[in-house]
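Asks: Starting off with a structure, shown below.
The values are calculated or read from the model by the stated rules, or taken from the named source; none is laboratory data. What you see is a predicted model, and the numbers here were worked out from it, not measured in a lab. Virtual Cβ from ideal backbone geometry, glycine too; neighbours counted across all protein chains shown. Quick note on the areas: whole protein, heavy atoms, side chains included, nothing else; ligands and nucleic acids left out. Shrake-Rupley method; radii C 1.70, N 1.55, O 1.52, S 1.80 Å.
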Amino acid sequence: MDYNFIEIEKKWQQYWRDNKIYKVDIDHSKPKFYVLDMFPYPSGAGLHVGHPLGYIASDIYARYKRLKGFNVLHPMGYDAYGLPAEQYAIQTGTHPAVTTEKNINRYREQMDKIGFCYDWDREVRTCEPGYYKWTQWTFLQLFNSFYCNGCQKAQPISKLIARFEEKGTEGLNVAESKPLSFTAAEWKAMSEKEQQEVLMNYRLAYQAEAMVNWCPGLGTVLANDEVADGLSVRGGFPVERKSMKQWQLRITAYADRLLQGLETVDWSESVKDLQRNWIGKSMGASVIFKIEGKDIDLEVFTTRADTLFGTTFMVLAPEHELVSEITTPEQRAEVEEYITRTKNRSERERMAEVRKVSGAFTGAYGINPITGAKLPIWIADYVLMGYGTGAIMAVPAHDSRDFAFARHFNLPIIQVVKQPGTEPSDPATWEESFDAKDGELVNSGFLNGLPVKKAILRMIEELEKLGVGTGKTNYRLRDAIFSRQRYWGEPFPIYYKDGMPYAMDESKLPLELPAISEYKPTETGEPPLARAKNWVTEEGYPIETNTMPGFAGSSGYYFRYQDPHNDKEYFSREANDYWQNVDLYIGGAEHATGHLIYSRFWCKFLYDIGLSCKDEPFQRMINQGMIQGRSSFAYRVNMEKLCEYGVWNMIKDNKLGVKFEKDFKDGRRRFDFFCPEKGILIEINRMGNLEKVAEPWQEYAESKGYKLLMVPIIDVVNDYEKGTNVVEQKIKDLIAGKDVPAFVEGTPFTGAMFVSKNLPDRELFSDPIHVDINMVRNDVLDVEAFRQWRDDLHDARFIFEKDKDGNDVFVCGSEVEKMSKSKYNVQNPDDLVEKYGADTLRLYEMFLGPLEQSKPWDTQGIEGTFRFVRKFWRLFHNENNEFCVSDEPATAPELKSLHKLIKKEEDGIESISFNTVVSAFMICVNELADLKCNKREILEPLTIMLSPYAPHIAEELWHLLGHDTSVVNASFPVYDESKTMENSFNYPVSFNGKMRFNMELPVTMNADEVQAAVLAAPESAKWIEGKQIRKVIFVPKKIVNIVVG
RNA sequence: GCGGGUGUGGCGGAAUUGGUAGACGCGCUAGACUUAGGAUCUAGUUUCUCACGAAGUAAGGGUUCGAGUCCCUUCAUCCGCACCA
């Protein structure tokens, strides 16, 4: 009939493509704006309605900015490396590039249907050599750099070598794996291999042994954020801790800058907090303890140096290198047993036993550097090797874990901090430790009386004076493991000479991924690349067989969009000077500790080496919420329960004149119901079950003189469905003393039965099962569709309820859950585009609620937005669907409606509150429809304003309005406040703060005039009567409040 | 345990930042038009009350002429992190 979205959308998508409407280039006459979506990994499943949510939001923002005169960079591409395609390759032999290409095409097809304004000429894919050349290049720069702590900046490794040649490590202040000490002469005396080993200690990309998350099921290591609950996030295989030689990125060198930088970006507090937490900066002290009878220093890290007087024992991580050295012969067996036990425990088991206290005594003692006290040294797995020094001084009085440990092993507890104004008490009486971070020191010599914060500083001072400790900052952040034992990733431009890794020359880039015969690890456990033929350099040196992890390619992709076809450099100076960094980044918060931290590191490094002009990649970030599914349920009847329920309802409360009881037991026999008065036993069960017990039970009943009735469930069901009362009649007959056969065989009941949601006591005899939401409308199930859905449901039976018109209906229950295939609640955007059009889908996704919140998808709700779009269309058309727009000047109410909307839209888009803008559109169109407005002066700006949300219909109407250029290049209308002004205001009049009536008054009236007018109003009399007017509050154009009393 | 978010009709959610609570949409109710309605249009729809009116933004308290909004206490719920010394 009217608005033909299928044709319109196809036509304009074609037009945009043919005319490259969304292609952008550097244009110094306009300010730039960079809007970016998080890099998608194209999975095989395609998109559901939750995925495009962020893309639609960014698209609207990009289009809006463009209408506002900005040159907007809005690109899209693919994070193409990923485990699923590789797993599929291992299983089927299909090259991951093939799978990936297929998935990308599907993604693209779905995205095109929604009408996004991406500049597809800038598309990048991480798996293409032209792209990963620069991933490899960046790796080489990292390999050839070290981090200078003094200047807080990455520097070329050549500078470090020059320094070593001049004065060795003297006065060196750089990021390092472990402190080394050598002179210039010693450095020069080293062999090349030794020098290379030393340099590994400083490179920003380096190779070292590391405890990794090894996943045997996948044959690779995983990053921390790829592991959850000791299982791999993808695939759910067990993960174990293992020490392996791995490439790593020295991201810890940037810990402080990563923390500082958070202050300069406009991100949600929660994501910033997540990152702060992940970086985990804690300031404290390193303290050296001597070991009794040995010349060994044991270094610990503590944030509570003030509690040094209260330390009563020490604990090492079981893997600590000093353990075997200090363990006494008597304790060796126990210690070794403990180490084996903890080592063999998987990560999963270890986490499950978090609260279990365990440990072993080494027999050695540490000496408190301040008090000289002897402290027994234990090992326990509550101390982690990876944090601090892997050793702690335990202060049981003021740390809950130490407290639990001391209690368990009967170690002394000394209180050294008390709550101000209280007296110290005997820790033996405590139920938990006193962990308070504000308090006053006691039992602590020179610290007595000091508050905690001052005591910490005072103690550090003392430690430094005595040369037994220093103030120190510790980070929880670990260096990022950068190698994967996988095929589908970027090869490292690294070869091995004499067992030592060397960087390839940049001229050899890109180092392309070779073809291999099979995608799994070799029989000897080497990575798949070891299968590649001739995987050696021209000189014959073997090339690295690990590949880079997923985050390698996604850490700097936003740079490449700025200059995607440059084969001379990563991106040009000119491009970066113009586009700079991302102004608005939209994506999920789940990347907080992965992608978003690696990208920041990547960017800071490129900033250090002079490539990037900004040191933060994403200025403003919005994290869209999840769209949840709304699942529907049918209630599957548990037949036995249902029948028991039905019969019980029939006989309970003396309904048939005699009393029955439930669950009668005699020995091992159990009957559903029993009537002592008449000696009637009733059992309801499946036919088969009754057959088995029929004989012995009849004998039993006879022996006791009882009458027995065995009811097959089919009988009860028949009564239900046919409205007969066969079962009831039998019971009545029994009560009346008639003889009724105990058991009549019939056709056994087969098939499933379902009960409508609102039937009484439904929950007593049914369990919900998911049904496909496409078979449900307004919670009513399409019973026929349901029967056809699955083979086992063909002869399903239903217990219906009546709707208001007395028809039988089957009502489903519902629940909000994650959208997933297995819950049959997935909404596919393609279906919706087909049914309502992309414009309606875009509007509805935005209308659903605030972008950042998760919200359920309401299948019906889209109808409302669809109605709006058609109403919008009708503003431009007459009853015969002929385009009909008038050139008459607009009236004041029409202009007011328009300008209210301009203001709303500007405010709404800037504050990412798209849902309110859609509402405002609806209000405006409702008003204009009421005014029967079809004036160009109103409709033309309105079309421009709608175009970010509904670009297709806007483009169509824009051309119908007589334009021959795209609406994308139009200008956003300018807000004119005077158009929304009125000369009177409908004041709400309140008495004591309660609104009583409205009163239309001129805005020019002053307070006194308003007061007079209001008090003179007839409605006021009732409220003033018998009371005194204490005060009148008048806020112009807001409210009048009269205080009476 | 720690950190962050969120609590408003049957539902999704508004409320110009301290000024008419429930905009807009779904659903629901009634009516119109229709052979029909899962189309369209009109009216109504926070709760209680016949009504006058009263109550009302998770609960309780406070500040204020006025509180969904600010402050304090409690509860619920979701999401992170979790032996981090």
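Asks: Just the residues that are buried (at least 20 other Cβ atoms within 10 Å of the Cβ) and closer than 20 Å to residue A:84 by Cβ, please, taken from region A:485-522.
Replies: Those that are buried (at least 20 other Cβ atoms within 10 Å of the Cβ) and closer than 20 Å to residue A:84 by Cβ: A:485, A:486, A:487, A:488, A:489, A:490, A:513, A:519, A:521.
Asks: Does residue A:757 fit the bill of being within 14 Å of RNA strand B (Cβ to nearest atom), part of a loop (DSSP other than H, G, I, E, B) and not hydrophobic (A, V, I, L, M, F, W, C)?
Replies: Considered against the rule, which asks whether it is within 14 Å of RNA strand B (Cβ to nearest atom), part of a loop (DSSP other than H, G, I, E, B) and not hydrophobic (A, V, I, L, M, F, W, C), residue A:757 comes out as yes.
Asks: Oh, and also: So which pairs qualify, if the first residue must be in region A:871-882 and farther than 14 Å from residue A:936 by Cα, the second must be of a type in the set (D, E, K, R) and open to solvent by 10 Å² or more (accessible area, probe 1.4 Å), the Cβ gap must be under 9 Å, and the two must be at least 6 apart or on different chains?
Replies: Pairs that qualify, where the first residue is farther than 14 Å from residue A:936 by Cα and the partner is of a type in the set (D, E, K, R) and open to solvent by 10 Å² or more (accessible area, probe 1.4 Å), are A:881/A:2; A:881/A:874.
Asks: Something else: Is it the case that region A:378-397 has a residue that's part of a helix (DSSP H, G or I) and either without any contact (Cβ under 8 Å) to a residue 40 or more places away in the chain or at negative phi (or both)?
Replies: yes
Asks: Starting from region A:600-612, keep only residues that are not assigned by TED's automatic domain parsing to the domain that holds residue A:249, then list their pairs with residues that are of a type in the set (Asp, Glu) whose Cβ atoms are within a distance under 7 Å, requiring at least 6 positions of separation or different chains.
Replies: A:600/A:616; A:603/A:615; A:603/A:616; A:604/A:615; A:607/A:615
Asks: Also: Restricting the search to region A:392-430, which residues are away from RNA strand B (no atom under 14 Å from the Cβ) and charged (D, E, K, R)?
Replies: Selection gives A:418, A:423, A:426.
Asks: Got a number for residues in region A:764-797 being open to solvent by 20 Å² or more (accessible area, probe 1.4 Å), touching a Phe, Trp or Tyr at 6+ places or on another chain (Cβ under 8 Å) and closer than 21 Å to residue A:643 by Cβ?
Replies: Total satisfying the criteria: 5.
Asks: For the structure I just gave you, tell me whether residue A:716 is assigned to a helix (DSSP H, G or I) and within 30 Å of residue A:782 (Cβ to Cβ).
Replies: yes
Asks: Given the condition within 16 Å of RNA strand B (Cβ to nearest atom) and either β-branched (Val, Ile, Thr) or in contact with a His (Cβ under 9 Å, 6 or more places away or on another chain) (or both), answer yes or no: does some residue in region A:583-592 qualify?
Replies: Scanning region A:583-592 turns up at least one residue that is within 16 Å of RNA strand B (Cβ to nearest atom) and either β-branched (Val, Ile, Thr) or in contact with a His (Cβ under 9 Å, 6 or more places away or on another chain) (or both).
Asks: Next question. Out of the residues in region A:432-456 that are part of a loop (DSSP other than H, G, I, E, B) and among the acidic types (Asp, Glu), which is most open to solvent (accessible area, probe 1.4 Å)?
Replies: A:432
Asks: Another question, then. Please verify whether region A:687-698 includes one or more residues that are open to solvent by 10 Å² or more (accessible area, probe 1.4 Å) and assigned to a loop (DSSP other than H, G, I, E, B).
Replies: No, the conditions are met nowhere in region A:687-698.
Asks: Which numbered condition in (1) in contact (Cβ under 8 Å) with a residue 24 or more places away in the chain; (2) surrounded by fewer than 23 Cβ atoms within 10 Å (Cβ to Cβ) is the only one that residue A:597 fails?
Replies: (2)
Asks: Quick check: anything in region A:410-419 assigned to a helix (DSSP H, G or I), open to solvent by less than 60 Å² (accessible area, probe 1.4 Å), under 25 Å from residue A:376 (Cα atoms) and among the aliphatic types (A, V, I, L, M)?
Replies: So far as region A:410-419 goes, no, none of its residues is assigned to a helix (DSSP H, G or I), open to solvent by less than 60 Å² (accessible area, probe 1.4 Å), under 25 Å from residue A:376 (Cα atoms) and among the aliphatic types (A, V, I, L, M).
Asks: Pairs under 7 Å by beta carbon, first residue touching a residue at least 12 places away in the same chain (Cβ under 8 Å) in region A:906-921, partner charged (D, E, K, R) and more than 10 Å from RNA strand B (Cβ to nearest atom), six or more apart or different chains?
Replies: Cβ pairs passing all conditions: A:917/A:905; A:920/A:905.
Asks: While we're on this one: I need the full set of residues from region A:354-391 which are open to solvent by less than 40 Å² (accessible area, probe 1.4 Å), over 18 Å from residue A:331 (Cβ atoms) and within 14 Å of RNA strand B (Cβ to nearest atom), in order please.
Replies: A:388, A:389, A:390
Asks: Report, by residue number, each residue of region A:809-852 that is free of Cβ contacts under 8 Å to residues at least 60 places away in the same chain and in contact with a strand residue (DSSP E or B) (Cβ under 9 Å, 6 or more places away or on another chain).
Replies: Hits for region A:809-852 are A:809, A:811, A:822.
Asks: Away from RNA strand B (no atom under 16 Å from the Cβ), within 30 Å of residue A:854 (Cα to Cα) and of a type in the set (Ser, Thr, Tyr): does that describe residue A:822? Show your work before the answer.
Replies: On the way: away from RNA strand B (no atom under 16 Å from the Cβ): yes; within 30 Å of residue A:854 (Cα to Cα): yes; of a type in the set (Ser, Thr, Tyr): yes.
Answer is yes for this residue.
Asks: Still on this structure, I have one more. In the set A:687, A:710, which member is under 22 Å from residue A:646 (Cα atoms), assigned by TED's automatic domain parsing to the domain that holds residue A:644 and modelled with pLDDT of 85 or more?
Replies: On inspection, the qualifying residue turns out to be A:710.
Asks: If I ask for residues that are in contact with a Lys or Arg (Cβ under 6 Å, 6 or more places away or on another chain) and surrounded by fewer than 18 Cβ atoms within 10 Å (Cβ to Cβ), which ones from region A:817-843 would you list?
Replies: A:817
Asks: Mind checking which residues of region A:178-225 are β-branched (Val, Ile, Thr) and either closer than 14 Å to residue A:479 by Cα or open to solvent by less than 40 Å² (accessible area, probe 1.4 Å) (or both)?
Replies: Residues of region A:178-225 β-branched (Val, Ile, Thr): A:183, A:198, A:212, A:220-221.
If the condition is that a residue be β-branched (Val, Ile, Thr) and either closer than 14 Å to residue A:479 by Cα or open to solvent by less than 40 Å² (accessible area, probe 1.4 Å) (or both), then A:198, A:212, A:220, A:221 are the ones that fit.
Asks: Right, next: Give me the residue from region A:538-582 that is under 21 Å from residue A:133 (Cβ atoms) and among the acidic types (Asp, Glu) and, out of that set, farthest from RNA strand B (Cβ to nearest atom).
Replies: So the first thing to find is which residues in region A:538-582 are under 21 Å from residue A:133 (Cβ atoms), and the list is A:538, A:541, A:543-576, A:579.
Okay, now just the ones that are also among the acidic types (Asp, Glu), so A:538, A:544, A:563, A:567, A:569, A:574.
Values: A:538: 45, A:544: 30, A:563: 35, A:567: 39, A:569: 37, A:574: 39 Å.
Restricting to residues being under 21 Å from residue A:133 (Cβ atoms) and among the acidic types (Asp, Glu), the top hit is A:538.
Asks: I'd like to know if region A:735-751 contains one or more residues that are touching a residue at least 24 places away in the same chain (Cβ under 8 Å) and within 45 Å of the chain's Cα centre (by Cα).
Replies: Yes, region A:735-751 has at least one match.
Asks: Just to confirm my filter: which helices (runs of 4 or more DSSP H) fall fully inside region A:947-1045 and include at least 1 residues that are within 16 Å of RNA strand B (Cβ to nearest atom) and free of Cβ contacts under 8 Å to residues at least 60 places away in the same chain?
Replies: A:1007-1016, A:1018-1024
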